[in-house]
1. What's the longest uninterrupted piece of the chain once you rule out the trypsin sites (Lys or Arg not before Pro) that are loop residues per DSSP with at most 12 other Cβ within 10 Å?
2. Comparing T33, T20, T47, which has the greatest mean-square fluctuation in the GNM of the chain with Cα pairs linked when under 10 Å apart?
3. Let me understand the chain better: what is its radius of gyration from the alpha carbons, and its Dmax, in angstrom?
4. Rank P37, I10, H24 by how far each Cα sits towards the positive end of the charge dipole of the chain (+1 on Lys, Arg Cβ; -1 on Asp, Glu Cβ) and give me just the farthest.
5. For the chain, with only Lys/Arg (+1) and Asp/Glu (-1) charged at the beta-carbon, what is the dipole magnitude about the Cα centre, in debye rounded to 20?
Amino acid sequence: MNKSKGLQAIEEPLASLPHTIRNHILERLRSLTQYEPVIGIMGKTGTGKSSLCNALF
């Protein structure tokens, strides 16, 4: 797993914390930095859902 530069930069200051606390903070930060949103589109038949997706992606 590649570490982001921001995450690497914060690991050094966190080194003075107890191991369990440091790991908890780093795990929470990883979950925030690796967040991938999921978008759902709902609607009736023929309202242009596929057209919208095709236009965006």
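Quick note: the coordinates plus some simple rules give every number you see, no bench work behind them. Keep in mind the model is a prediction, meaning the values are calculated, not measured. Note: ideal-geometry Cβ built from the backbone for every residue, glycine included; neighbour counts use all protein chains shown.
1. Working: sites that count: K3, K44.
Within the chain, the longest run free of exposed trypsin sites (Lys or Arg not before Pro) spans 4-43.
2. T47
3. Cα only, the chain: 19.7, 59 Å (Rg, Dmax).
4. My answer, from the dipole projection, is P37.
5. Details: 7 positive and 4 negative charges, 43 e Å.
Taking the Cα centre of the chain as origin, the dipole is about 200 debye.
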